[in-house]
Every structure is written in structure tokens, then in C-alpha cells.
1. Kindly evaluate A111 against the criterion of being under 19 Å from D53 (Cα atoms) and in contact (Cβ under 8 Å) with a residue 60 or more places away in the chain.
2. Give region 244-264 a look and list any residue that's over 18 Å from the mean Cα position of the chain (by Cα) and of a type outside the set (D, E), or say none.
3. Looking for whichever is surrounded by fewer than 16 Cβ atoms within 10 Å (Cβ to Cβ) and outside the structural domain of V20 (by TED's automatic domain parsing) here; the options are R244, R272, R201, R207. Which one fits?
4. Filter region 234-276 down to the residues that are within 19 Å of W181 (Cα to Cα) and not hydrophobic (A, V, I, L, M, F, W, C) and list them by number.
5. Filter region 115-141 for residues that are in a helix (DSSP H, G or I) and in contact with a Gly (Cβ under 6 Å, 6 or more places away or on another chain); which is nearest to T154 (Cα to Cα)?
6. What number of residues within region 87-135 are more than 15 Å from the chain's Cα centre (by Cα) and of a type in the set (F, W, Y)?
7. Got at least one residue in region 151-165 being in a helix (DSSP H, G or I) and closer than 24 Å to R226 by Cβ?
8. I need the full set of residues from region 209-254 which are within 14 Å of S184 (Cβ to Cβ) and touching a Lys or Arg at 6+ places or on another chain (Cβ under 8 Å), in order please.
Amino acid sequence: MRLGVVMIPHPLADLPLPAVVQRVVAFGRLAESLGFAGLWVPDSLGRGQPTIDPLLMLAVVAGVTTTIELGTCVLQVPLRHPVELAHRAQSLHLLAGGRFQFGVGSGSTRADFEAVGADFDARFKTLTTSLDAMRRTWQGEAVIGGGVSVWPGTEGGPPLLLGAWRSARWIDLAARVCQGWIASGIYSAWDDVATGMRMFRAAGGKRVVLANVFTDLRPEPVFADRAGRVKISLICPPAEARERLQRIEALGVDDVLLVCPFGDPEQLEMIRGLVG
């Protein structure tokens, strides 16, 4: 099982504006130097706190790293125009040298949809039609008007991984037409992951990613308030965290993505030490 890290930037009182970029860059470089398999970022924009566009943020990290995988966990496709989004994703795929893993989903927070005037109730239908439009765009086909020219070498777009909790329909879709399934440590209980794994493997799916596993190994964790609200976490002492990681691996998960506190990136070294 590969170990990845999730970066969720947020404003810090002691972090002036120019230092935000420095922190993002340092976070990415440190994650790569410690041997994490991937650096992933989530997507939100209407939940009452400042956020950074995930594709722009990964483009910054791509410019200061060379080997670490870069991904979204997950980007809410129905909030964007599919052709424009396909072009942006293709651009990041190119600029990251093929390291970009495009985690996509329908979205689950109404406030994000209200912020851009998107139809929350139609999000599932929008996701499927948008994914089809994006694939056609990456093949150079005209979707609406004139086609978007595909940069040589990026035909077909980046690998797609579909985020879903426990729905048989979406897990089956992830296995058949995507390159992986992303489960959520926030919303997916242990039994959900186990059940989803069986469905995904039975449908021929290859890669399973368990994302957004909040992690804080300190005696007084900043994520303490989340410990009782998220389904699967490593907000606990290191010894117990190792046991939980072993349990995740025993489920057959290929990648686990641990959320490290943005205000304490040095904890990345402690988190990396959980496994040999």
C-alpha cells in the first residue's frame, strides 16, 4: 500500500500573503523528499472559508517537484464547464510531466453549487455528461462548437479516478470507464470500504484510493474536534495509527491519502515514519 498526503491550505494568523506560496511549495517539496507517493488536494469554494483552486495549486507544486504524483481528491466536475475543465486538466497533465491523477466526483455540498449557480439536484446526471464531453475533448472531437486542439502527447487526458462512497452504480462506473475508485475517510465507514472493494474488484477495477484520512499524531491534535465526526482517521497516538494503517492495508486498498495539518508541515516526517 502506497502512502500519500493531502494538503488543505487555510489562512493562518502568522502566515502573511507572500508566505502562503512558500508554504505550499515547501509542503510539496518536503512530501516528495520524504518519499510520499503522492500529494493530493481537495476542492471546495462556497463553505464560508477561503480556498485555493486545486488545479492552480497543483500547477505550482508541479513546478517545484519532479517525481511525486499529483492529484485531486476530488474535483467537483458539475461546477465547471466540461470543455474548459478538460483543457485545464490537460494543461496540468502536460505541465506535471504526466504525474497528474484526476480525481473527479459529483460534489455533495449544496453551498458550493449555490456559489456558482449550478444545479445541485442534477449533479449526478451532469457528472456523467461532463465526463463524456471531457473524454471527447481530449480526443480532439468538437463537443459544442469548434474542437479544442489537443497538445501532442496528452491525447486521452490524465488518468481519471472516480470518487464515490458506497453506491454500486458509481463504483461499477469507476471500474469500467475510469482508472480507479476513490473512497472517503470522511464519509466512508470501514464496512463501506470493504463492501466497495468487493464490488470494485468484481467489476474488474484496478486501483483503490482511500482519501482524506485526517491524521494528527500529537498529544493535543488540532484535528481533535474531527475525531468523532469522520469515519476513518488517524487522529490518535502513533502506535494506534500504525494498527489502523495495517487494517486499511488488509482491506486491499492500494493508496491511502493522509491529511496533514497545514499549520504543522513538519509533522509529515512523523507521519512518514508510521511505515517502513
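The values are calculated or read from the model by the stated rules, or taken from the named source; none is laboratory data. Model, not experiment: these values are computed from the prediction. Here the Cβ is made from the backbone with ideal geometry for all residues, glycine too, and neighbour counts use every protein chain on show.
1. On the way: under 19 Å from D53 (Cα atoms): yes; in contact (Cβ under 8 Å) with a residue 60 or more places away in the chain: yes.
In short, yes.
2. Correct list: R244, L245, Q246, R247, A250, L251, G252, G263.
3. None of the others qualify; the one that does is R201.
4. Of all residues in region 234-276, those within 19 Å of W181 (Cα to Cα) come to 245, 247-259.
R247, E249, G252, D254, D255, listed by residue number.
5. Keep residues of region 115-141 that are in a helix (DSSP H, G or I), which gives 115-116, 123-138.
In the following step, the residues that additionally are in contact with a Gly (Cβ under 6 Å, 6 or more places away or on another chain) were identified as 115, 123, 138.
On the way: A115: 32, R123: 27, W138: 8 Å.
Applying the filter and picking the extreme gives W138.
6. So the answer is 3.
7. We begin by selecting, within region 151-165, every residue in a helix (DSSP H, G or I); these are none.
So far as region 151-165 goes, no, none of its residues is in a helix (DSSP H, G or I) and closer than 24 Å to R226 by Cβ.
8. F214, I232, S233
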